[in-house]
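Shown next, in structure tokens, is the structure this report addresses.
A short reminder: the numbers here are calculations on the coordinates, not readings from a lab. Just so we're clear, the structure is a prediction, and the values are computed from it rather than from any experiment. Note that each Cβ is placed from the backbone with ideal geometry, even for glycine, and that neighbours are counted across all protein chains shown.
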Amino acid sequence: MTSSLFLRLLPLGAACVMLAAIPGGARAQRADTARAIPARLTLLDAIRLGRERGVTEALAQLNVDVVNARVRQRRADLLPTISGAATVSRQTINFEEFGFPGITGVSDPIHLVALQLRGSQTIFDAAALARLRAGHDTAAAAVQDARAAGEASGAVAGLAYLRVLSATETVRAREADSAIAASLLEQARQLVNAGVSAAIEATRSEVGFASVRSQLEIARNSLARARLDLLRALDAPPGTPIEPVDSLIGGDIAIPTEVDAAVEYARQHRPELAAEHARTQAAERSLSAIGLEALPSLGLNGYYQETGPSTSALSGSYQIQLGLHVPILDGFRRQARSAEQRARVDAQRLRERDLGNAVETDARQAILDLASARQQMALAGTRVQLAETELSQARERFRAGVAGSVETTNAQSSVISARDALIQAHVAYGTARIAAYRALGVLSEMR
């Protein structure tokens, strides 16, 4: 009967081993959930995809898996341990070794079969519980680090998207400038043919037209490069077709615009600050765990074994032991570890406080930059209107023969500069928006 009991216990131990291996295997089979690249891409899409597909964020997520695995390792200190062993031996015994009176010589060979199932369970260990809680805090910090990495990747993708829009607007502006330059050149040639203007006026217009055409080619090359940078930020193949559909002044995400409200919002939502706070808690719990090592721990262990000369003639025996471990002195090692960990806690608290100040500074600067970018857009728009008016008046004067091509060339240069300034103002506004989303910690919440 005892042999059949042991054989029934063996599958139980094997099942425990298989169950313990399931979590790691299940996570290893996790499917890739990154979404595909849509052909028509908005700024919000670019930020989402950059956050989800960014290599930095993927590495941070793998670090989360590593930290969670370490938490499971610490939990193992509180879970049962079961092991089995089977031995077959043949031996002789020297009775004189034991010093039994009247018993001498060496025994005949003995054949022994032994099957053993051993287990142990921690009933109470305050230090192990504290270390497990510290592990959970470290895992929480890793999750927040992954969020921060995702936000950084999303911001990079958003800025790359803005550069594509900027390059697209620049190409359109240079195409419009080329059309104007071609019109001025045709007008200059007509006046030269009519004998109203000197030939140098047409030459100057040709030079201006060639200059604008050169700027157009440069703008087209910049657009092609900006598209490649965007696809790289999205971790997409370089040949992936995309069509940005937003404008440089697309819709905003609702965020606090008052400085104090923005600072409070950032302190509550920035994942970097949440990660540092979790690390501080983990350090404090680790310090507490060292102190709790001075408390007694209680555990249960035992074994069941069957031995005999053959598998058909086994006899069972067992042992169950309840043990209380009381630490008394470890050479003052625990006190030294506590002093070391206390210094680590102080350093971590300093890092958390410094990061909190940095988050507040980022939020204040982001609100200032956003307001300034709005003003720059308004001023740049007025400048474009004035430059276009100047060009219109210069063309009328040139057509009437009271001004030369120098005036129209200068006026067109003013229009080109004004349009470039407007595009840059739009880019600055878009950049300030993304920086504000990043500073206030809302990029990871965009869905």
Under the 7 Å Cα-to-Cβ spin-label approximation, residue 393 and residue 322 lie apart by a distance in nanometres of 10.2
Between residue 42 and residue 410, Cβ-based FRET efficiency (R0 41 Å, step 0.05) works out to 0.55
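Order of 70-80, 261-271, 119-129 by packing, highest average Cβ count within 10 Å first?
Working: 70-80: 14.4, 261-271: 19.2, 119-129: 16.5.
Averaged packing, sorted descending, gives the order 261-271, 119-129, 70-80.
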Descending packing, highest mean Cβ count within 10 Å first, for 178-188, 272-282 is 272-282, 178-188
Taking only C-alpha positions in the stretch 164-257, Rg and Dmax in angstrom work out to 19.8, 65
Here FRET efficiency (C-beta to C-beta, residue 375 to residue 332, R₀ 51 Å, nearest 0.05) is 0.20
Most packed first (mean Cβ within 10 Å per residue), the peptides 51-61, 321-331, 152-162 order as 152-162, 51-61, 321-331
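Using only C-alpha positions, report the orientation-averaged shadow area of the convex hull of the chain, nm², one decimal.
Numbers: hull surface 143.9 nm².
Across all orientations, the chain yields a mean hull projection of 36.0 nm².
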Measuring from its Cα centre, the stretch 116-196 shows a charge dipole (+1 at each Lys and Arg Cβ, -1 at each Asp and Glu Cβ) which, in debye to the nearest 20, is 280
